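Visitor: Below is the structure I would like to discuss, written out as structure tokens.
Read-outs throughout are calculated quantities, based only on the coordinates presented, and are distinct from any laboratory measurement. Predicted model only: the values in this text are computed from it and were never measured. Cβ placement follows ideal geometry from the backbone for every residue including glycine, while neighbour counts extend to all protein chains displayed.
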Amino acid sequence: MKKIDPVVLKETKYISIWVLILSALMQSVFLIIGKWDHTVLLGNLLSGSAAILNFLLMGIGIANALEKDAEDAKKAMKLSQSYRFLFLAAVVALGATLPFFNLWTVLIPLLFPRVAIAFRPFLEKK
């Protein structure tokens, strides 16, 4: 098995920290408004881990595509994107159909990596 690129691991750790922070914040909001129950926690765990895994798989896909020529890299990235989309669609479908997941806490954490990426320029020291 090929070793995961250290840059991919570093960026995935950054995203993971943000997902954990934003997940705790979301749990707090549900607690404050009196809507917290076990489905909120389970939905958050499902979707937060899916968001982190999706980001890791994207990073691995990009690292692998960089080793190919332009045309093969383009095909590999499209295939990776399609598989990751299907994975996230399955997570949302699972969360929407099973009664022990809160739908909002399944949907919202999928946006957490984007929030983390948006805040990255403000946190850079360069």
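Visitor: Check each of the trypsin sites (Lys or Arg not before Pro) in region 25-77 and keep only those in coil by DSSP with at most 14 other C-beta atoms within 10 angstrom; list them in order.
Guide: Filter output for region 25-77: Lys35, Lys68.
Visitor: For each of Trp104, Trp18, count neighbouring Cβ atoms within 10 Å of the residue's Cβ, then give the residues from fewest to most.
Guide: So the residues, fewest neighbours to most, are Trp104, Trp18.
Visitor: Which order results if Tyr14, Tyr83 are arranged by neighbouring Cβ count within 10 Å, fewest first?
Guide: By the 10 Å Cβ count, ascending: Tyr83, Tyr14.
Visitor: A further question follows. For region 50-65, list residues with backbone N below 11 Å from a point placed 7 Å from the Cα of Lys2 toward its Cβ?
Guide: In region 50-65, the label zone of Lys2 (backbone N under 11 Å from the point 7 Å along Cα→Cβ) covers 60-65.
Visitor: Take the residue pairs Lys74/Lys125; Lys68/Lys125; Lys10/Lys74; Lys10/Lys35; Lys78/Lys125; Lys13/Lys35 and return only those whose Cα atoms are more than 27 Å apart.
Guide: Checking Cα-Cα distances, Lys74/Lys125; Lys68/Lys125; Lys10/Lys35; Lys78/Lys125; Lys13/Lys35 exceed 27 Å.
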